[in-house]
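The values are calculated or read from the model by the stated rules, or taken from the named source; none is laboratory data. In this text, all values refer to a predicted model and were calculated from it rather than measured experimentally. Quick reminder, even Gly has a Cβ in these numbers, built from the backbone with ideal geometry, and neighbours come from all protein chains shown. Just the protein is used for accessible areas: all its heavy atoms, side chains included, with ligands, DNA and RNA removed. Shrake-Rupley method; radii C 1.70, N 1.55, O 1.52, S 1.80 Å.
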Amino acid sequence: MNVQPAWLRAFAALLSWIAGDHPAGRAFIGDLLEQFERRRERHPVDAWLSLVADGLRGAIGYRLRAPRMRPPRSAGNGLTGLWREAVYAARILRRSPGLTLLSVVTMGAGIGAGAVLSSLVHAIVLQPLPYPEPDRLVRIFDTNIRAGIERAGAASGNIDDWRRRSSGFDGIAGFYAMGRTLSNSAGGEVLITAQVSEDFFPIAGVRPEAGRTFIPAETRRARFNNAAAPVGPDPVAILSHRVWRQRFGADPGIVGRSVTIERRPFEVVGVMPEGFALPDAGVDLWIPWDVSGDRPRDQHYLGAIARLKPGISIAQAEDQLNAVAADLGRAYPDTNSGWGVRLVPLQSETVGGAATVLWVLVGAVALVLLVVCANVALLTLMRGLDRSDETAVRLALGASSGRLLRELLAESIVLAAAGGALGAAIAAAGLRVLPALAVDLPRLDEVAFDLRTVVFIAGATFVAAVVSGLPQAWYRTRLAVAAAGSPRMTDNRRRHAFRDAMVACQVALAVVLLMGSGLFVRSFLHLRGTDPGFDPDNVLVAPVFLDTQAYDTGDRVRTYYRTLFDGLAAIPGVTAVGGATAVPTSPLGPDFERPVWPADAPTDPSVRMPASVRMVTPGYFRAIGFLVADGRAIDERDRPASPRVVVINETLAAHLWPGRRAVGQKLVVDYSSSGTYPYEIVGVVGDVRFGGPRSQPAPEIYLPHAQRPYLILNVVLRSDGDPRALVPAARAVLAEIDPQKPAHGFYPLADLVGATYARDRQTMFTLLLFAGT
């Protein structure tokens, strides 16, 4: 046989140790190596697979058959020999408790971190969504390349046309989620409620845990007014498993009973199973919604989901919908011209940017495991330097190098096994506490310590034992031979060369981790240093959702909020109070766009553009810390009967009136069914990054809430200290005015802003932890 490389000889020694080193096993290993040498040039992949798979299978088979093939009293026979070598290795390791403990802890930390990441990647990225044939589920977005809109919500008026005029889908459904109050005599609780169209539950393909889903007759009579309030007769609802369990004690008789939603009785027709997370994991109620008939086609605020027919690709389905969109553009040029459709797999939309972050962390963990193996190899080498003379004497007395290799490998295997056990404990504890850490990852409830995690830990333990044990075992036997017949100076040179090579590898791997974590630190600091355009410190946000049953007129809505703001302003420590339909970085509240253009250029399409619409109250700009760049803010002068006024941001002003002053100009806002009117611009505010530091400023307009009294407002309180201290008093004010209308929650604005880059922060800290370790 030709001269074999060192790694191949080391692998042969490992197989020989596993097989028990009897003649038949040695002959098998020799034949295997000869086959590998013959095949690896022509079929390298097959040769590698055969070497590893056949070698391990054959060696283990010889070990298990060894008791029947050898004398029963021979030392090292079968599993008894394995046990004796493991016990001997444990005794040797016990002589150096400090180094042994350090090796076990180092290896356990690396294996535990890898196990946690492998569980996250499998559950979040690789595991299909828990729905029948999830690869056929897609999200649908409107897009208008000509207007620079890459993706937007769907228009309710288009969804019915998509369903009727495309053949590549088993169903297309629209949905809209908002907070609604589920109440009883003791008070109310605001729950995220999704109003869903007819195809929604058939698309999901999930059977309810109790009861049924909506039938077509219930969907056809489910109508809503302009305030998104249900006005159809005999309303029905479906509960989430969480609400059914926590609020109704998992009562099996809940189906058929009535619950009060927005002060109206809704019959419960079903309960969805645990884990059902459509359209979003935070939804706790579902109510039907009829989107057929005459609906607006220029209000792109709905979510849309669809199931592809078998054999239809996403590209084919997207082409079909774009053909329908083109026909709608010709039929309704004022609202649909230029609009197209984009389809995204539901899996990709659900996981989002978490997949990229997790794969980056997987790479970091792989580097950590390599560094761990290098650490353990060096520590084992340090422990064995004092035993080199002993090894040389044993070789001189006739001990085989294979036997010595087996003993040295046994030490690495015992170390790796202890490290794997510690890693399993770390992984189990980490996965248990992960949901409580408010980690910004989707599908976190599906992550578990399961068989796949155990397999990963076993595999990582084996790899760590081989990678950390084989090089140093082979080196120590070679070193011992050299020590038996070579000068000590040559021995030291070889020791130092091996040690220096290992240290160089460690430094290289650590530098990669440090550079990666350094880049994340710089990116995170850049995000933290970006000016959002408002001051989030010491600000508390409380979303309030009124209903049309008790607040069915504009005067009642204005009276409620005026009373609420007066009560909140009287709380000690409150310095400013205001409200807006949508607040920067808050996911709650109506956020929509409407076309706007200068009143003096009604026919110029180049200045017609969409702008985000916010209804605000006096005091809002001061409470949230907006900068008024020109003119004035919305104030008490802007009453219901006063002239229509608007405040715009600097981006919109620069686009519509470049080089000129916008204050005093007239801006037309197209409100579709609510009317199209000119508004006098009374102020210009600075740009804000509404979606957080990662977002870019977009055109925005601010209208007086007194002139357009929306039911929903995000109430904003600025305090002179920690805003959390205001929560009990604010909750008491809300309960005193209307016990059936609690706030959806109380959120420090700084926390909402921080949540927009929480994933960056978590990734940065994880990489820093790895690099520091």
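Cα atoms only, the stretch 723-773: Rg and Dmax in Å?
For the stretch 723-773, the Cα-based Rg and Dmax read 17.9, 55 Å.
Carbon and sulfur together cover what percent of the accessible area of the stretch 648-773 at a 1.4 Å probe radius? Write out the running numbers ahead of the final one.
Values: 2800 of 5070 Å².
That fraction is 55 percent.
What ³J(HN,Hα) values, in whole Hz, does the Karplus curve 6.51 cos²θ - 1.76 cosθ + 1.60 give for the stretch 447-460 when θ = phi - 60°, with x put for Gly and Pro?
So the J values, rounded to whole Hz, are 7, 8, 7, 10, 4, 5, 5, 4, 4, 4, 4, 5, x, 5.
Which FRET efficiency value, to the nearest 0.05, is calculated for Arg38 and Val507 with the Förster distance at 41 angstrom and r the Cβ-Cβ distance?
Using R0 = 41 Å, I get an efficiency of 0.55.
What is the set of long-range amide H partners of Val669 at a cut-off below 5 Å, with H atoms built 1.01 Å from backbone N?
Excluding prolines and chain starts, which carry no amide H, the hits are Tyr677, Tyr679.
Under a plain spin-label model, where a point goes 7 Å from the Cα along Cα-to-Cβ, how far apart in nm are Ile737 and Glu274?
The answer from the label model is 3.9 nm.
Describe numerically, in nm with one decimal, the distance between label points set 7 Å from Cα along Cα→Cβ at Ser695 and at Asp531.
Rounded to a tenth, the inter-label distance reads 1.9 nm.
Between Leu8 and Arg452, what length in nm is gained on full extension when 0.36 nm per residue of separation is reduced by their alpha carbon distance?
Result: 156.8 nm gained on full extension.
Stokes-Einstein D for the stretch 101-216 at 20 °C, 1.002 mPa s, Kirkwood Rh over Cα pairs, in µm²/s?
After rounding, the answer is 113 µm²/s.
Would you mind checking the radius of gyration and Dmax of the stretch 209-282 based on alpha-carbon positions, in Å?
My reading of the Cα-based Rg and Dmax gives 12.7, 36 Å.
With all protein chains present, how much of the accessible area of the stretch 214-288 (probe radius 1.4 Å) comes from carbon and sulfur, to the nearest whole percent?
Carbon and sulfur: 50 percent of the exposed surface of the stretch 214-288.
From the square roots a ≥ b ≥ c of the eigenvalues of the alpha-carbon gyration tensor of the stretch 675-773, which class results: rounded (a/c under 1.5), prolate (a/b over b/c), or oblate?
Working: a/c = 2.86, a/b = 1.35, b/c = 2.12.
Oblate, because a/c is 1.5 or more while a/b does not exceed b/c.
Starting from the amide H of Ala611, placed 1.01 Å from N in the peptide plane, find each other amide H under 5 Å away whose residue is 5 or more places distant or on another chain.
Arg594, Val596
How big is the Kirkwood radius of the stretch 546-605, worked out from every pair of different alpha carbons and given in Å to one decimal?
Every distinct Cα pair counted, the radius reaches 15.1 Å.
Normalised by the number of residues in the stretch 583-713, what is the relative contact order in percent for Cα pairs under 8 Å and 6+ residues apart?
Worked out over the stretch 583-713, it gives 36 percent.
Roughly how many Å² is the accessible area per residue of the stretch 647-773, as a whole number, for a 1.4 Å probe?
40
Amide H of Arg632: which non-local residues (sequence gap of 5 or more, or other chain) have their own amide H closer than 5 Å, using H built in the peptide plane?
Gly683, Val684
No solvent, one uniform scatterer per C-alpha: report log10 I(q)/I(0) for the stretch 545-669 via the Debye equation at q = 0.12 1/Å, two decimals.
Listed by q, the Debye log ratios stand at -0.57.
Rounded to whole Hz and in sequence order, give me ³J(HN,Hα) for the stretch 632-637 from the Karplus expression 6.51 cos²θ - 1.76 cosθ + 1.60, θ = phi - 60°, writing x for Gly and Pro.
Going residue by residue, I get 9, 8, 5, 9, 5, 5 Hz, with x marking Gly and Pro.
Counting only the backbone N, which residues of the stretch 217-249 are under 14 Å from the spot 7 Å out from the Cα of Arg263 toward its beta-carbon?
Flagged as within label range: 229-230.
Using 0.36 nm per residue of separation minus the Cα-Cα distance, give me the extension gain between Val463 and Ala569 in nm, one decimal.
Answer, rounded to one decimal: 31.7 nm.
Normalized C-alpha radius of gyration of the stretch 255-363, against 2.2 N^0.38 Å?
Against the compact-globule rule of thumb, the ratio is 1.46.
Using 1/(1 + (r/R0)^6) with R0 = 30 angstrom and r between the beta carbons of Ala550 and Glu636, what's the FRET efficiency to the nearest 0.05? Intermediate results must be reported in sequence, preceding the final value.
Details: r = 25 Å, r/R0 = 0.85.
It comes to 0.75.
Treating the beta-carbon of each Lys and Arg as +1 and of each Asp and Glu as -1, no other charges, what is the dipole magnitude of the stretch 662-761 about its Cα centre, to the nearest 20 debye?
It comes to approximately 220 debye.
So what are the three principal axis dimensions of the stretch 314-365 from its Cα atoms, in whole Å, longest to shortest?
If we take the Cα atoms of the stretch 314-365, the spans are 56, 22, 13 Å.
With θ set to phi - 60° and the Karplus curve 6.51 cos²θ - 1.76 cosθ + 1.60, what are the ³J(HN,Hα) couplings of the stretch 99-110 in order, to the nearest whole Hz, using x for Gly and Pro?
5, 4, 4, 4, 5, 5, 5, 4, 5, x, 4, x
Once you have the Cα-Cα distance between Asn226 and Arg94, take 0.36 nm times their residue separation minus that, and quote the gain in nm to one decimal.
Numbers: separation 132, 0.36 × 132 = 47.52 nm, distance 7.65 nm.
Residue separation times 0.36 nm, minus the Cα-Cα distance, leaves 39.9 nm.
Using a Förster distance of 51 angstrom, determine the FRET efficiency expected from the C-beta separation of Ala323 and Leu102, and round it to 0.05.
Efficiency, from the Cβ-Cβ distance: 0.15.
Quick one: if you stick a label point 7 Å off each Cα along the C-beta vector at Asp720 and Leu126, how many nm between them?
Between Asp720 and Leu126, the label points sit 5.8 nm apart.
Could you order the peptides 640-649, 682-691, 26-35 from most to least packed, using the average number of other C-beta atoms within 10 Å per residue? Could you put the intermediate results ahead of the total?
On the way: 640-649: 18.7, 682-691: 20.8, 26-35: 15.6.
For the peptides 640-649, 682-691, 26-35, the packing ranking is 682-691, 640-649, 26-35.
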